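The values are calculated or read from the model by the stated rules, or taken from the named source; none is laboratory data. Small disclaimer: the values here were computed from a predicted structure and weren't measured. Cβ: placed from backbone, ideal geometry, glycine included. Neighbour counts: every protein chain shown. Ligands, DNA and RNA are stripped out before the accessible areas are found, and what is left, the full protein with its side chains, is counted by its heavy atoms. Shrake-Rupley method; radii C 1.70, N 1.55, O 1.52, S 1.80 Å.
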Amino acid sequence: MRVGIDLDGVVFDFHAAYEELYEIWFGRELAAKGRDSWDWILDLSHFKSYAELMTWFSRAGGWDLCGYVPGA
């Protein structure tokens with residue numbers, strides 16, 4: 001049996017780290033508007049796929065920037 005655990009947004013804040021790192025690397029903020037779709041990260045950034053995004057995020061040290069969600 002395999003068990004999946006959703007950690008981002010539950011235990012640690014992936015989105016805040018992603019937004020901070022994206023601004024540092026690419027010099028622009030991700031617009032607050034437009035975060036109403038499932039794929040908002042792809043819609044607002046230049047990445048074409050989650051695989052591309054996650055490869056960059058991992059190599060750029062994004063996991064080290066993730067803070068904990070208060071109370072987690």
Q. Does anyone have the angle between helix 50-59 and the longest principal axis of the chain? Alpha-carbon axes, 0 to 90°, nearest 10?
A. 80
Q | Per residue value of the accessible surface for the chain (all protein chains in place, 1.4 Å probe), Å² | A | 74
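Of all the accessible heavy-atom surface of the chain, with the other protein chains kept in place and a 1.4 Å probe, what percent is carbon and sulfur?
The nonpolar share, carbon plus sulfur, comes to 55 percent.
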Q: Roll a 1.4 Å probe over the protein heavy atoms and report the accessible area of PHE26 in Å², nearest 10.
A: 80
Q. Looking only at ALA60, ALA17, ALA51, which one moves most when the chain is put into a Gaussian network model with springs between Cα atoms under 10 Å?
A. ALA51
Q: For every helix of n ≥ 4 consecutive DSSP H residues, a contribution of -39,500 (n - 2.57) applies; sum these over the chain, divide by its total residues, and give [θ] at 222 nm rounded to the nearest 500 deg cm²/dmol.
A: -12000 deg cm²/dmol
(Q) At 4 °C and a viscosity of 1.567 mPa s, what translational diffusion coefficient does Stokes-Einstein give for the chain, taking Rh as the Kirkwood radius over Cα pairs? Give it in µm²/s as a whole number. (A) 98
Q. What order do TRP38, TRP63 take when sorted by accessible area (1.4 Å probe), most exposed first?
A. TRP38, TRP63
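Treating the beta-carbon of each Lys and Arg as +1 and of each Asp and Glu as -1, no other charges, what is the dipole magnitude of the chain about its Cα centre, to the nearest 20 debye?
Approximately 180 debye in magnitude.
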Q | Crossing angle, helix 14-26 versus the chain [Cα axis fit, 0-90 degrees, rounded to tens] | A | 30
